[in-house]
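Provided herewith is a single structure, encoded as structure tokens, for subsequent inquiry.
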Amino acid sequence: TQTTRIAVTPGDGIGPEVVAAAIHCLEALRAKHLLALEWTRFPWPSHAWHEEHGESWPTDALAQLKAYDAILLGALGDPGPINDPDRYLLSDSVSLSPLLEMRKGFDQWVCERPARLLPGARQYLKDDRAKDIDMLVIRENSEGEYVSQGGRLRQGTTDEVATQMEVFTHRATERIIRYGFEQARKRAAERAKHERVRTFKTLDGRSCESQVCVITKRNALRHWGDLYTEVFEAVSKDYPDVATHHELVDAACMKFVQCPWAFDVVVASNLQGDILTDLAAVLSGGMGVAPSCNLNPTDTDMPSMFEPTHGSAPDIAGKGIADPTAMLFTTARMLEWLGQKDSKLAVAGKELFDAVAADLTEKGSEQRDTQEIKDAICKRLTS
Ligand code: IPM
Ligand code: MN
């Protein structure tokens with residue numbers, strides 16, 4: 001097999017600490033399974049880089065990263081020692097965060113954020129049924145509210161008008177909804193294998209083993225709401241085995257808290273998905289355990305990017321107390337993704353997931369140092 005090459009971008013804040021834990025686990029797995037796996041570090045902390053070069057990342061960052069099979073990212077966004085978050089945002093040259101640059105530049109049009117309440121994870125909802133929370137939120141990652149079109153008229157006056165355009169294409173809508181149905185099928189097949197079959201009712205009373213819920217705000221945002229609705233209905237015809245559901249985003253927020261266990265796959269627009277996935281992360285144990293990935297399933301020349309949902313948490317950075325769990329779940333997902341080309345990587349990914357989950361089951365959300373958690377997981381991998 002050809003060697004799989006990973007670009008590791010630790011970023012800033014707690015990024016380098018949690019990434020160090022991921023590298024240790026990768027080393028252990030590589031030695032154990034003789035994986036054809038290599039990685040290269042790109043230490044590009046955004047504030048420090050900006051300090052020195054006047055931009056948040058090297059201008060040729062994307063060109064450098066494109067040569068890799070995947071990007072493993074820690075966290076970005078620490079505003080730096082002067083502790084002025086606005087400074088980072090105000091500079092013209094950093095108008096788009098490197099994160100958004102990557103998603104766009106590599107056309108990572110799927111953002112997958114699974115939210116499953118694993119044993120040991122912090123349970124914020126008191127209801128016992130919370131243990132059954134197991135959803136996959138799929139966020140449209142290429143357009144919508146994030147196209148960055150618009151501007152400010154009469155800026156600096158009290159007559160100022162700011163416009164921010166949203167763009168929804170049939171092409172991007174179709175592919176994300178279809179992707180959602182495909183994942184629903186896969187999840188149902190996986191559950192059937194483990195005798196964990198779930199049942200969802202269709203409107204006409206049939207029982208299905210999976211469901212896709214599409215999110216819009218079509219009662220107010222008519223145009224793309226109608227486009228999403230029509231495309232959802234059309235695509236669903238190809239998946240009669242998958243139940244369909246539609247929620248308005250505000251009602252979805254309510255139901256995520258009221259009965260999150262009723263959801264399976266959720267497909268949402270870029271911004272609505274961004275908001276819903278923070279909520280979903282809390283329902284499934286919090287930012288400390290929430291993985292995320294930005295995928296380009298269509299163009300194998302483009303690297304996909306794997307990052308935990310959490311940010312750079314500058315307040316606890318450098319103290320060695322950041323929880324690497326989310327980073328390690330993310331790393332497991334990366335290996336599973338790369339397993340499409342080299343099946344040994346998928347096996348390693350599954351092993352890493354199981355080790356992290358077992359550690360969580362045993363220790364729960366007990367306060368432990370980064371090092372301690374990493375050592376415990378590495379030990380499980382090597383024993
Ligand atoms: C996320 C983050 C980013 C987003 C920010 C940092 C631009 O919140 O990955 O969810 O909005 O997509
Ligand atoms: Mn977010």
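Just so you know, all these numbers are worked out from the coordinates, no wet-lab data involved. Values in this document were obtained by computation on a predicted structure and should not be read as measured data. For neighbour counting, all protein chains shown are included, and Cβ atoms are generated from backbone atoms with ideal geometry for every residue, glycine included.
Taking just the alpha-carbon atoms of region 277-336, what radius of gyration and Dmax come out, in angstrom?
Both quantities, over Cα of region 277-336: 13.0, 40 Å.
Run the simple label-point estimate for Asp132 and Leu34 please: 7 Å along Cα→C-beta, distance reported in nm.
4.7
Give me the percent relative contact order of region 123-284, please, defined on Cα pairs under 8 angstrom at least 6 residues apart.
Over region 123-284, the number comes to 36 percent.
Additional query: Provide the per-residue ³J(HN,Hα) series for region 108-121, in order, calculated from phi with Karplus coefficients 6.51, -1.76, 1.60 and θ = phi - 60°, each as a whole number of Hz, with x at glycine and proline positions.
Along region 108-121, the couplings run 7, 7, 10, 10, 9, 10, x, 10, 10, 7, 7, x, x, 6 Hz.
Once you put a point 7 Å from the Cα of Cys253 and another 7 Å from the Cα of Asp241, both along the Cβ direction, what distance in nm separates them?
Placing both labels 7 Å beyond Cα along the Cβ direction yields 3.7 nm.
Report the paramagnetic label zone for Met165: residues of region 192-224 whose backbone N is under 16 Å from a point 7 Å from Cα along the Cα-to-Cβ axis.
223-224
State, as an integer percentage, the relative contact order of the chain based on alpha-carbon contacts under 8 Å between residues 6 or more apart.
Relative contact order for the chain comes out at 24 percent.
Right, next: How large is the Rg to Rh ratio of region 205-342 when both quantities use alpha carbon positions and Rh follows Kirkwood?
Here the Rg-to-Rh quotient is 1.01.
Nearest 5 percent is fine: what portion of the DSSP beta bridges confined to region 123-284 is antiparallel?
Antiparallel bridges make up about 35 percent of those DSSP assigns within region 123-284.
Name the residues of region 308-330 whose amide N is less than 14 Å from a point 7 angstrom out from the Cα of Ser365 along the C-beta direction?
323, 325-326
What does DSSP give for the chain in terms of the percent of beta bridges that are antiparallel, rounded to the nearest 5?
Just about 45 percent of them are antiparallel.
What nm value, rounded to one decimal, do you get for the distance between Gln2 and Thr202 when each label is placed 7 Å out toward the C-beta?
With each label placed 7 Å out from Cα toward Cβ, I get 4.1 nm.
Mind listing the Cα extents of region 1-77 along all three principal axes, in Å, largest one first?
On the principal axes, region 1-77 reaches 43, 26, 14 Å in Cα extent.
Moving on. If I model region 123-284 as equal point scatterers sitting on the Cα atoms and use the Debye formula, what is log10 I(q)/I(0) at q = 0.21 Å⁻¹?
These q points yield log10 I(q)/I(0) values of -1.42.
From the square roots a ≥ b ≥ c of the eigenvalues of the alpha-carbon gyration tensor of region 261-383, which class results: rounded (a/c under 1.5), prolate (a/b over b/c), or oblate?
Here region 261-383 falls in the oblate category.
If amide H atoms are built 1.01 Å from N in the plane of the peptide, which residues on other chains or at least 5 residues away come under 5 Å of the amide H of Ala115?
Met135, Leu136, Val137
How large is the Rg to Rh ratio of the chain when both quantities use alpha carbon positions and Rh follows Kirkwood?
0.96
Using Cα centres only, tell me the gap between region 212-282 and region 96-139 in whole Å.
So the separation of the two Cα centres works out to 14 Å.
Still on this structure, I have one more. Looking at the chain, which longest stretch skips every one of the GluC sites (Glu not before Pro) that is in a DSSP loop with at most 15 other Cβ atoms within 10 Å, leaving the sites themselves out?
Between exposed loop sites, the widest span is 196-365.
For region 243-290, what D do you get in µm² per second when you plug the Kirkwood radius from alpha-carbon pairs into Stokes-Einstein at 4 °C and 1.567 mPa s?
Roughly 116 µm²/s, to the nearest whole number.
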